[in-house]
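Trainee: Before anything else, here's the structure in question.
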Amino acid sequence: MKRTKIIDAIKHYEEIGLGTPISVKGWVRTKRGNNAVAFIALNDGSIVHNLQIVADLSKFDEELMKKITTGACLHVTGPLVESQGKGQVVEVQAETIEIYGTADPESYPLQKKGHSVEFLREIGHLRPRTNFFGCVLRLRHAMAFAIHQYFNNKGYFYLNTPLITGSDAEGAGEMFSVTTLDLNNVPKTPEGKVDYSKDFFGKSVSLTVSGQLEGELGALALGGIYTFGPTFRAENSNTPRHLAEFWMIEPEVAFNDIHDNMDLAEDFIKSLVRYALENNMDDLQFLNDMFDKELIERMKFVVENDFIRLGYTEAIDILLKADKKFEFPVKWGIDLQSEHERYLVENYFKKPVILTDYPKEIKAFYMKMNEDGKTVRAMDVLFPKIGEIIGGSEREEDYEKLKQRVAELHIPEKDVWWYLETRKFGSAPHSGFGLGFERLLLFVTGMSNIRDVIPFPRTPQNAEF
Ligand code: 4AD
Ligand code: MG
């Protein structure tokens with residue numbers, strides 16, 4: 001008999017037909033019952049809900065039934081029938097039960113319910129089998145799918161940019177080196193420096209912090225592209241919003257100015273949140289009930305309301321007038337901290353905010369300079385509970401101006417000569433941004449720690465699973 005997924009048994013029982021024998025496979029969430037009958041809640045990961053299996057104990061060997069404990073993996077066959085009990089519409093009357101794998105109740109870490117998310121992080125190899133993490137993983141998949149669908153519908157092309165690169169796009173010096181040199185016996189130049197000419201690529205390379213620079217090469221040929229891949233940052237910030245390995249989506253669009261860029265960012269993020277509301281309600285409802293009572297409401301609010309658009313200078317004025325004591329003092333020129341961003345979004349405007357025109361000193365070299373010579377056409381999208389969810393800009397398309405910024409910031413021209421050449425040959429106005437995939441997932445799952453929205457988190461001192 002072909003396997004039926006539990007999602008189909010629960011949602012499409014009418015098409016299957018009540019009374020039809022089915023075959024289901026999955027993991028035991030709970031087993032309860034009495035002397036005559038056992039009720040087994042089976043979950044196969046296709047949906048947050050369990051399928052109830054009813055086993056008449058007179059039909060099954062006692063030894064077999066004893067081995068059916070939380071975490072065990074089963075294959076059950078029997079008719080799908082209307083449930084006699086409350087809490088579910090259908091159930092399976094077991095005719096055969098095969099145990100694929102037992103889970104010793106003494107040592108199975110998920111034997112009991114209600115573990116903290118912190119504890120579950122320590123058992124990252126089993127965490128996917130919990131309800132909450134199942135919801136997170138299904139939502140993660142749904143968002144990835146929705147992202148590709150969104151850009152495909154708009155005619156943007158998916159561009160794969162390299163993970164190993166020689167350029168520090170963000171200029172923050174937070175890169176992980178990639179080398180095959182023997183670290184115990186490093187070849188040296190006559191000046192005593194590491195001789196990277198002996199390394200695998202004949203030069204010093206690192207894991208990318210962003211696919212943007214290469215993305216721009218694509219945009220200036222195909223018109224509109226997006227990247228969607230892992231990025232790596234060796235920033236030693238142990239916060240609930242930073243990972244050393246995270247995924248980023250970076251659209252880059254020729255002929256878009258900063259206003260088009262803001263429109264795209266707002267429409268993009270709203271359409272993703274809408275997609276989740278329309279397609280993932282089972283998971284959202286579970287997370288809403290168990291973790292964050294305002295999750296669904298907050299998501300609807302974002303879809304239904306316009307984002308505030310505001311200049312950095314005005315934002316600083318608002319923060320200076322705020323009757324709130326910030327840990328990091330406010331003055332024009334500072335890089336906004338999460339507490340500042342969240343004040344603007346959660347206390348002052350009570351809406352997502354797009355901040356633009358930041359001081360050039362705190363932003364990357366590639367951003368287009370404003371006429372004032374002090375600020376650049378940057379934009380950050382700030383979200384409730386999260387702070388910065390998107391960072392982007394209009395790009396400097398003027399060859400001389402860009403070359404000057406590269407020199408001012410002491411970026412070795414040998415690392416970015418190819419990037420500069422795009423401004424030499426057929427330069428065009430263009431803009432783009434980066435959405436942190438896990439920051440988006442924080443928003444659509446209501447989780448408060450970024451370690452709980454990625455299957456295998458990488459953070460300082462932590463790369464176990
Ligand atoms: O603001 P960032 O650094 O921008 C860039 O990398 C640009 N090259 C993007 C572009 O214009 N194409 O990063 C973009 C987003 C942030 O807004 C944030 O959501 C996320 O990436 N992000 C992180 N997410 C998790 N962990 C970290 N350490 C992150 N650093 C940035
Ligand atoms: Mg940023």
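Trainee: Might you let me know whether the stretch 141-162 holds any residue that is under 19 Å from LYS67 (Cβ atoms), under 21 Å from the mean Cα position of the chain (by Cα) and open to solvent by 20 Å² or more (accessible area, probe 1.4 Å)?
Mentor: Checked the stretch 141-162: no residue is under 19 Å from LYS67 (Cβ atoms), under 21 Å from the mean Cα position of the chain (by Cα) and open to solvent by 20 Å² or more (accessible area, probe 1.4 Å).
Trainee: Select from the stretch 355-397 the residues that are among the β-branched types (Val, Ile, Thr) and surrounded by 20 or more Cβ atoms within 10 Å (Cβ to Cβ) and write down the one among them that is farthest from PRO251 (Cα to Cα).
Mentor: THR375
Trainee: Just to be sure, is GLU250 at pLDDT 95 or above, within 16 Å of the chain's Cα centre (by Cα) and closer than 16 Å to ALA378 by Cα?
Mentor: In short, yes.
Trainee: A further question on this structure: For the subset of the stretch 4-27 comprising residues that are free of Cβ contacts under 8 Å to residues at least 60 places away in the same chain and in a strand (DSSP E or B), which member is nearest to the chain's Cα centre (by Cα)?
Mentor: Applying the filter and picking the extreme gives GLY26.
Trainee: Consider GLY202 carefully, then state whether it is more than 16 Å from ligand 1 (Cβ to nearest atom) and either farther than 24 Å from GLY434 by Cβ or assigned by TED's automatic domain parsing to the domain that holds ALA428 (or both).
Mentor: Yes: the conditions hold for GLY202.
Trainee: Additional query: Which of the residues that make up the stretch 205-232 are within 10 Å of ligand 1 (Cβ to nearest atom) and surrounded by fewer than 21 Cβ atoms within 10 Å (Cβ to Cβ)?
Mentor: Residue satisfying the conditions is PHE232 alone.
Trainee: Consider SER237 against the criteria (1) within 16 Å of ligand 2 (Cβ to nearest atom); (2) in contact with a strand residue (DSSP E or B) (Cβ under 6 Å, 6 or more places away or on another chain): it satisfies all of them except one. Which criterion is unmet?
Mentor: Single failed check for SER237: (2).
Trainee: Could you please let me know if PRO352 is in the same structural domain as SER427 (by TED's automatic domain parsing), buried (at least 23 other Cβ atoms within 10 Å of the Cβ) and more than 14 Å from ligand 2 (Cβ to nearest atom)?
Mentor: So PRO352 passes the test.
Trainee: Something else now. Which one of these does ASN305 not meet: (1) touching a Lys or Arg at 6+ places or on another chain (Cβ under 6 Å); (2) loosely packed, with under 11 Cβ neighbours inside 10 Å?
Mentor: Evaluating ASN305 over (1) touching a Lys or Arg at 6+ places or on another chain (Cβ under 6 Å); (2) loosely packed, with under 11 Cβ neighbours inside 10 Å leaves (2) as the failure.
Trainee: Would you point out which residue out of ASP257, ASP282, ASP289, ASP199 is free of Cβ contacts under 8 Å to residues at least 60 places away in the same chain, of a type outside the set (Ser, Thr, Tyr) and open to solvent by 20 Å² or more (accessible area, probe 1.4 Å)?
Mentor: Step by step, each of ASP257, ASP282, ASP289, ASP199 is checked, and only ASP289 is free of Cβ contacts under 8 Å to residues at least 60 places away in the same chain, of a type outside the set (Ser, Thr, Tyr) and open to solvent by 20 Å² or more (accessible area, probe 1.4 Å).
Trainee: Moving on. What about THR422, is it in contact (Cβ under 8 Å) with a residue 24 or more places away in the chain and either surrounded by fewer than 18 Cβ atoms within 10 Å (Cβ to Cβ) or in a helix (DSSP H, G or I) (or both)?
Mentor: Criteria met by THR422.
Trainee: Being within 9 Å of ligand 1 (Cβ to nearest atom) and touching a residue at least 40 places away in the same chain (Cβ under 8 Å) is the filter here; which residues of the stretch 356-377 pass it?
Mentor: Answer for the stretch 356-377, where residues must be within 9 Å of ligand 1 (Cβ to nearest atom) and touching a residue at least 40 places away in the same chain (Cβ under 8 Å): ALA364, TYR366.
Trainee: Also: Look through the stretch 398-419, keep the residues that are within 16 Å of ligand 1 (Cβ to nearest atom) and open to solvent by 10 Å² or more (accessible area, probe 1.4 Å), and return whichever of them is nearest to ILE308 (Cα to Cα).
Mentor: Filtering the stretch 398-419 for residues that are within 16 Å of ligand 1 (Cβ to nearest atom) and open to solvent by 10 Å² or more (accessible area, probe 1.4 Å), the one nearest to ILE308 (Cα to Cα) comes out as ARG405.
Trainee: So ARG342 fits all but one of (1) more than 21 Å from HIS259 (Cβ to Cβ); (2) buried (at least 16 other Cβ atoms within 10 Å of the Cβ); (3) at pLDDT 95 or above; what number is the exception?
Mentor: So the condition that ARG342 fails would be (3).
The values are calculated or read from the model by the stated rules, or taken from the named source; none is laboratory data. All values reported here derive from a predicted model rather than from experimental measurement. Don't worry about glycine lacking a Cβ; one is built from the backbone with ideal geometry, like all the others, and counts go over all protein chains shown. These accessible areas exclude ligands, DNA and RNA; they are computed on the full protein's heavy atoms, side chains included. Shrake-Rupley method; radii C 1.70, N 1.55, O 1.52, S 1.80 Å.
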